[in-house]
Amino acid sequence: MQFYGTDAVVRIVSHLAFIYLAFWGLKAIRLDTFFRAYHTHQVRLVLSLVAIVIGYQASTFFLELLALCKNIFLTFTN
């Protein structure tokens, strides 16, 4: 599926916003207890990658929900 113009900007902003929210939420979890001491770089990398995965999935769900609502609205207006 191809996206042009404002749809692409909305998708990029949505992905980045949800990744930020996932990263912000994951910082509250004490992930360093699952890793060995003095491995802060690895903990940060894992935290970033998990935030990207969760944020992308949440953003995709949100955008799909918006697309479905848009399609339902267009169905009833025609």
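The values are calculated or read from the model by the stated rules, or taken from the named source; none is laboratory data. Computed from a predicted structure; not experimentally measured. Every residue, glycine among them, receives a Cβ derived from its backbone with ideal geometry; neighbour counts consider all protein chains shown. For the accessible areas, the whole protein counts, side chains as well, though only heavy atoms, and no ligand, DNA or RNA atoms are used. Shrake-Rupley method; radii C 1.70, N 1.55, O 1.52, S 1.80 Å.
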Over the stretch 11-78, what relative contact order in percent results from Cα pairs under 8 Å that are six or more residues apart? 47 percent
Lys/Arg +1, Asp/Glu -1 at C-beta; the chain dipole; positive extreme among 6, 41, 58: 41
Within the stretch 3-60, what whole-number % of the accessible surface is contributed by carbon and sulfur, with the 1.4 Å probe and all protein chains included in the calculation? 71 percent
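Taking 0.36 nm per residue of separation and subtracting the Cα-Cα distance, what length does fully extending residue 31 through residue 68 add?
Details: separation 37, 0.36 × 37 = 13.32 nm, distance 3.61 nm.
Extra length from residue 31 to residue 68 when fully extended: 9.7 nm.
Which is the longest stretch in the chain that no exposed loop site breaks, taking sites as chymotrypsin sites (Phe, Trp or Tyr not before Pro) with a DSSP loop state and at most 12 other Cβ atoms within 10 Å?
Working: sites that count: 3, 4, 35, 38.
It runs 39-78.
Hey, could you grab the Kirkwood Rh for the chain? Inverse mean 1/r over distinct alpha carbon pairs, Å, one decimal. Display every interim value, and only then the final one.
On the way: mean 1/r = 0.0687 Å⁻¹.
14.6 Å is the Kirkwood radius here.
Are there trypsin sites (Lys or Arg not before Pro) in the stretch 25-78 that DSSP puts in a loop and that have at most 12 other Cβ atoms within 10 Å, and which ones?
Details: sites: 27, 30, 36, 44, 70; in loops: 27, 30, 36.
Answer by residue number: 27, 30, 36.
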